[in-house]
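K.L.:
Take a look at the following structure, please.
The values are calculated or read from the model by the stated rules, or taken from the named source; none is laboratory data. Every value quoted in this text rests on a predicted model; they were computed, and no experiment measured them. Reconstructed Cβ throughout: ideal geometry from the backbone, glycine too, with neighbour counts over all protein chains shown.
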Amino acid sequence: MDTTDFNRFLDHARAKATPQRLYLVFAEKEYATEAEIAAGEATASSYSIRPLMYADKALSALGDFDELLAESLENGQAWDLVYVSASDDEKLSADFVEERLEVMVKLIQQGEGARFVIFDQLGAIYRLDKLSTVH
């Protein structure tokens, strides 16, 4: 059995008393440009996070990280990180789900992504405090 951090997260969510819904924001790292580095605005290892796409998924509809990775790459857009949150999946309106995902995107854009659980493309937990520099 695969024991990625993401799969452990899924196991934890499955242990909840009520069914869970996952909210997923896929993002890429945008590295500093040569002009930004030359102007002293960033270093060569600096990057910002740019949300690319988002989705919600009933936990019961997701087997494991490999399945999520395959599904997310079917659209042809590569990503570096996935930000995840979850909630009880009871009587949620489409408007509620859309609003929650849009709020996640805004928080990530504002540099507040540490509010969510973040995983890399291998399913390992990604810690924002280990970034070299974010600009």
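K.L.:
Would you check if there is a residue in region 35-51 being under 24 Å from residue 12 (Cα atoms) and either surrounded by 12 or more Cβ atoms within 10 Å (Cβ to Cβ) or hydrophobic (A, V, I, L, M, F, W, C) (or both)?
P.N.:
no
K.L.:
Also: Filter the helices (runs of 4 or more DSSP H) completely within region 19-135 down to those with at least 1 residues that are basic (Lys, Arg).
P.N.:
Counting at least 1 such residues, we get 94-109.
K.L.:
Would you confirm, using the coordinates I've provided, whether residue 71 is surrounded by 12 or more Cβ atoms within 10 Å (Cβ to Cβ), among the acidic types (Asp, Glu) and at pLDDT below 85?
P.N.:
Answer is no for this residue.
K.L.:
Could you please let me know if residue 55 is surrounded by fewer than 18 Cβ atoms within 10 Å (Cβ to Cβ), under 16 Å from residue 6 (Cβ atoms), without any contact (Cβ under 8 Å) to a residue 24 or more places away in the chain and among the small types (Gly, Ala, Ser)?
P.N.:
For residue 55, the condition - surrounded by fewer than 18 Cβ atoms within 10 Å (Cβ to Cβ), under 16 Å from residue 6 (Cβ atoms), without any contact (Cβ under 8 Å) to a residue 24 or more places away in the chain and among the small types (Gly, Ala, Ser) - is not met.
K.L.:
Would you check if there is a residue in region 79-88 being more than 20 Å from residue 122 (Cβ to Cβ), touching a helix residue (DSSP H, G or I) at 6+ places or on another chain (Cβ under 8 Å) and free of Cβ contacts under 8 Å to residues at least 60 places away in the same chain?
P.N.:
no
K.L.:
If you don't mind, another one. Do we have residue 61 as modelled with pLDDT of 90 or more and exposed (fewer than 13 other Cβ atoms within 10 Å of the Cβ) here?
P.N.:
Values: modelled with pLDDT of 90 or more: yes; exposed (fewer than 13 other Cβ atoms within 10 Å of the Cβ): yes.
It is true that residue 61 is modelled with pLDDT of 90 or more and exposed (fewer than 13 other Cβ atoms within 10 Å of the Cβ).
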